[in-house]
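Engineer: Quick one: structure below, then a few questions.
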């Protein structure tokens, strides 16, 4: 459940709204929660039903003869003319209703503004967290690249992929490895370029290569890695390297 909804339901505003003891601003806030969150609406309906059942259980039926007595008394009285005071009260009621509607509209606009401001603040907080994570990642990459233990390896394509160029950075002390894809010749839609690590005479899959906005992409680090290799594989990559489709490699 949304944390804001849980806090709202833990309070008593919904019960006070049912008892008509909330302020106009509180009423609009309750109506907003009922309209937006299904769990709040469900709780509101349940509270309504419980209140109706409680009122019904204590209801006392009126005597049958009471209705006839009331009708006889009403019919026996002459119909009075509409007094001036009644007209004034009616006009005041209409004016009050108009003013109430205007105040409701203003409150609704304020509530919408508050909701929009809250959403903007949440988006801003999310952006701050995302940017902070990106900055940390960039700082980590910068430290690795400028580390004296980091080795740089340039892989260029053979005759099957002359324009292929990829730069790999490997730090065996930090156990980190990154790759910067400079250029990749186009392939059919059902093929991809895949990078492999040569470990103890076997080819271990690392990652599928593609052009990205990021200059560096971290790839899995393999212990005892002795070479890096690039092959052409079916779309989605392979678990075993197709050695006949080797287009680039470099030994450490």
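Engineer: Considering only region 224-252, state which residues are free of Cβ contacts under 8 Å to residues at least 40 places away in the same chain, surrounded by fewer than 18 Cβ atoms within 10 Å (Cβ to Cβ) and touching a strand residue (DSSP E or B) at 6+ places or on another chain (Cβ under 8 Å).
Structural biologist: Of everything in region 224-252, those that are free of Cβ contacts under 8 Å to residues at least 40 places away in the same chain, surrounded by fewer than 18 Cβ atoms within 10 Å (Cβ to Cβ) and touching a strand residue (DSSP E or B) at 6+ places or on another chain (Cβ under 8 Å) turn out to be 224, 226, 227, 239, 240, 242.
Engineer: In region 160-182, which residue that is closer than 24 Å to residue 221 by Cβ and surrounded by fewer than 13 Cβ atoms within 10 Å (Cβ to Cβ) is modelled with the lowest pLDDT?
Structural biologist: The residue in question is 173.
Engineer: Let me ask something else. So which residues in region 93-112 are under 14 Å from residue 27 (Cβ atoms) and either surrounded by 12 or more Cβ atoms within 10 Å (Cβ to Cβ) or outside the structural domain of residue 27 (by TED's automatic domain parsing) (or both), if there are any at all?
Structural biologist: Of everything in region 93-112, those that are under 14 Å from residue 27 (Cβ atoms) and either surrounded by 12 or more Cβ atoms within 10 Å (Cβ to Cβ) or outside the structural domain of residue 27 (by TED's automatic domain parsing) (or both) turn out to be 103, 104, 107, 108, 110, 111.
Engineer: Considering only region 2-32, state which residues are within 27 Å of the chain's Cα centre (by Cα), more than 18 Å from residue 45 (Cα to Cα) and not in a helix (DSSP H, G or I).
Structural biologist: Correct list: 2 only.
Engineer: Give the residues of region 209-222 that are surrounded by 10 or more Cβ atoms within 10 Å (Cβ to Cβ) and either without any contact (Cβ under 8 Å) to a residue 40 or more places away in the chain or more than 24 Å from residue 159 (Cβ to Cβ) (or both), sorted by residue number. Working first, answer last.
Structural biologist: Taking region 209-222 first, the residues surrounded by 10 or more Cβ atoms within 10 Å (Cβ to Cβ) are 209-210, 212, 214-222.
Correct list: 210, 212, 214, 215, 216, 217, 218, 219, 220, 221, 222.
Engineer: Is at least one residue of region 244-251 within 34 Å of the chain's Cα centre (by Cα) and modelled with pLDDT under 95?
Structural biologist: no
Engineer: Any residue at all in region 203-226 that is farther than 23 Å from residue 150 by Cα and part of a strand (DSSP E or B)?
Structural biologist: no
Engineer: Scan region 188-208 for residues that are on the phi > 0 side of the Ramachandran plot and free of Cβ contacts under 8 Å to residues at least 12 places away in the same chain and jot them down. Let's see the steps before the verdict.
Structural biologist: Residues of region 188-208 that are on the phi > 0 side of the Ramachandran plot, as a first pass: 200-201.
Listed by number, the list holds a single entry, 201.
Engineer: Let me confirm something: among 146, 126, which residue is loosely packed, with under 10 Cβ neighbours inside 10 Å and at pLDDT below 80?
Structural biologist: Result: 146 is the single residue among 146, 126 that is loosely packed, with under 10 Cβ neighbours inside 10 Å and at pLDDT below 80.
The values are calculated or read from the model by the stated rules, or taken from the named source; none is laboratory data. All values derive from a computational prediction rather than experimental measurement. Please note: Cβ atoms are built from the backbone with ideal geometry, for glycine as well, and neighbour counts cover all protein chains shown.
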